[in-house]
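Structure record follows, encoded as structure tokens.
The values are calculated or read from the model by the stated rules, or taken from the named source; none is laboratory data. In this text, all values refer to a predicted model and were calculated from it rather than measured experimentally. Using ideal geometry, Cβ is built from the backbone for each residue, glycine included, and neighbour counts are taken over all protein chains shown. Surface areas here come from the heavy atoms of the whole protein model, side chains and all, with no ligands, DNA or RNA. Shrake-Rupley method; radii C 1.70, N 1.55, O 1.52, S 1.80 Å.
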Amino acid sequence: MTPEEFRAAGHELIDWIADYRERIPHLPVRAQVEPGEIKRALPQQPPGNVDTITDLLADLDSIVVPGVTQVQHPMHYGWFPSNASLSSVLGDIASSGMGTLGISWESCPALTEVEEVMCDWLRQLTGLSEQWRGTIHDTASTACLTAMILAREKASGISKNGGGLQSSAAPLVVYSTSQAHSSIAKAVQLAGFGNDNLRLIEEDPYTRAMLPGALSAAIREDLEIGRIPAGIVCSVGTTGTTAMDPVAEIAAIANAHGVWLHVDAAMAGSAMLLPECRHLWQGVEQADSLAWNPHKWMGTILDTTLFYVRDVNHLERVLSTNPAYLRSTADGQATQYRDWGIPLGRRFRALKLWFHLRLDGIDAIRARLRRDLSNTQWFREQVEAAEDWEVLAPVPLQTVCIRHVPKDHHKQPITGEDLDEHTLDWVGRINASGRAFMSPSVLDGRWMVRVSIGVEGTTREHVARLWELLQESVTSRIG
Ligand SMILES: Cc1ncc(COP(=O)(O)O)c(C=O)c1O
């Protein structure tokens, strides 16, 4: 494809994207396809001929769009906001269009230096001090894996340069809670600690936040029996209920024992753009690493995870490589991001943040976050005031965990499996209808429904419509 052909096809594609985004509110929220349906609609053999962009876009409409769950739909309340602001989409296109290669500073100085500045802008915008230096990872999962590798190497005296964990008889232990995201356990497993050495610390039964006293006791117990406390993962906003582990108290314990503390603020990090929310991660300055996803609520399109550390020397000691073919005269003067993470080749992801911040502006982003916080409190109030409805956990940000608990013919609230069946029935009917989408999840062994508010297009009217839909659904008028 020549640049001229690209220009023509690109115009068609941009028009298609703009039309598609306008159409989203009229599409069903959940993909209305069965497993295997999309595969069957595609030719089973690779094409032998060449198509036009017009033909391709027609197939995008007829084959692909029905297989998309519309997370940009204003009635999407599932999982978490996965906003993809169009300004950041332009940054993504610019990044791909430039076709850069990030394997060293020399291979694209701009890639490195725009990333350094973007991480620093976001540091300032979230109120972090200058001791933090950041990089962009694909996801919070990769950031957590990196943090666990840093924790392992700190606790094992850089064992990777010798026999690795296999050279140590004493197990290294990581602490978190049962509410932590599944990517934490995965990172602990993949970093070589083993699941048996992930200790889940007791939580407060209502807030589901880690109990610092229980953490202290667990560390003491491990030290007494010769195990080595190596890492703590503290959640600022768990996925299930947005539980906030008390960072300051946990950091004091981590520092007293020299244990690496990673703060996972994947979802809630966006809220730290608002000064009034920063008390939720008070103490974060004493952590060793932290990660959050602008590609969630803030709305810089995937994949844009910010990963910050305080000790860059340790980071580079653990992750650097220095093959001869990548050496240059810039060594020692410039940041080599390949030494800050796992991949060698990196995309120019910082352009997504640059475009997002320059074209939408931080004021608009902050106003949207505040709108969502207000809509969420409005929704919580409606649920709390309604008969037979329950809000199951504190609502510090934008997720409300709810249950509808009807009464049986003896006028007693239904419980146990009957309650589970009822919950899965009403939410299942709404999700299948395509009119809204929410994620059922389990809390204290029973099904509940998470209502996650924060799609860019979701206004108070949409939230009010959802509340109507919920009330109709429990009287079986949906589906
Ligand atoms: C608290 C928390 N941590 C980690 C993750 C994983 O994020 P990612 O998809 O960027 O790996 C999520 C995703 O929902 C999350 O909510």
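For Ile301, the residues whose modelled amide H falls within less than 5 Å of its own, excluding neighbours fewer than 5 places apart on the same chain, are Ser85, Ser88, Val89. Normalised by the number of residues in the stretch 1-93, the average gap of Cα pairs under 8 Å and 6 or more apart makes the relative contact order 37 percent.
The residues Thr329, Thr142, sorted by heavy-atom accessible surface at 1.4 Å with ligands and nucleic acids left out, run Thr329, Thr142 from largest to smallest. Summary value for the chain: 22 percent relative contact order, contacts being C-alpha pairs under 8 angstrom separated by 6+ residues. Below 15 angstrom from the Cβ of Thr112, what's the summed charge of the other residues (Lys, Arg +1; Asp, Glu -1)? Around Thr112, the surrounding residues sum to -3.
A 31 angstrom limit on the alpha carbon distance is what I want to check against. Which of Lys154/Lys186; Lys186/Lys352; Lys160/Lys186; Lys160/Lys352 exceed it? Where the Cα-Cα span goes over 31 Å, the pairs concerned are Lys160/Lys352. Only helices enter the 222 nm calculation for the chain: every DSSP H run of n ≥ 4 contributes -39,500 (n - 2.57), and dividing by all residues gives -12500 deg cm²/dmol, rounded to 500. Converting phi to 3J(HN,Hα) with the Karplus coefficients 6.51, -1.76 and 1.60 and the offset θ = phi - 60°, the stretch 193-198 yields 6, x, 4, 5, 9, 9 Hz in sequence order, with x at every glycine or proline.
Counting 0.36 nm for each residue step from Ala364 to Arg220 and taking away their Cα separation leaves a gain of 47.1 nm.
Averaged over residues, the count of other Cβ atoms within 10 Å places the peptides 465-474, 5-14 in the sequence 465-474, 5-14, highest first.
Each DSSP beta bridge with both residues in the chain is either parallel or antiparallel, and the antiparallel ones are about 60%.
Could you pull out which residues in the stretch 275-293 have an amide N less than 18 Å from a spot 7 Å beyond the Cα of Ser374, following the Cα-Cβ vector? Flagged as within label range: 275-277. Taking Cβ atoms as reference points and 14 Å as the exclusive limit, the residues near Asp196 contribute a net charge of +1, counting Lys and Arg as +1 and Asp and Glu as -1.
For the stretch 127-139, 3J(HN,Hα) computed residue by residue from phi via the Karplus equation (6.51, -1.76, 1.60; θ = phi - 60°) reads x, 7, 7, 6, 6, 8, 10, x, 9, 10, 9, 5, 9 Hz, glycine and proline entered as x. Computed extension length for Leu190-Ile38: 51.5 nm, one decimal, from 0.36 nm per residue of separation with the Cα-Cα distance subtracted.
Grab the other residues whose beta carbon is less than 13 angstrom from that of Ser320, score K and R as +1, D and E as -1, and report the net. Show your work: numbers first, answer last.
Numbers: positive: Lys160, Arg317, Arg327, Arg338; negative: Glu153, Glu316, Asp331, Asp339.
Here the charged neighbours net out to 0.
Residues Trp79, Trp292, Trp354, sorted by accessible area with the largest first, give Trp79, Trp354, Trp292 [1.4 Å probe; ligands and nucleic acids excluded].
Scalar couplings 3J(HN,Hα) for the stretch 235-246, obtained by applying the Karplus form with A = 6.51, B = -1.76, C = 1.60 to θ = phi - 60°, are 9, 9, x, 6, 5, x, 10, 6, 5, 10, 5, x Hz; x denotes Gly and Pro.
Taking label positions 7 Å along the Cα-Cβ direction at both Ala256 and Glu113, the computed distance is 4.7 nm, reported to one decimal.
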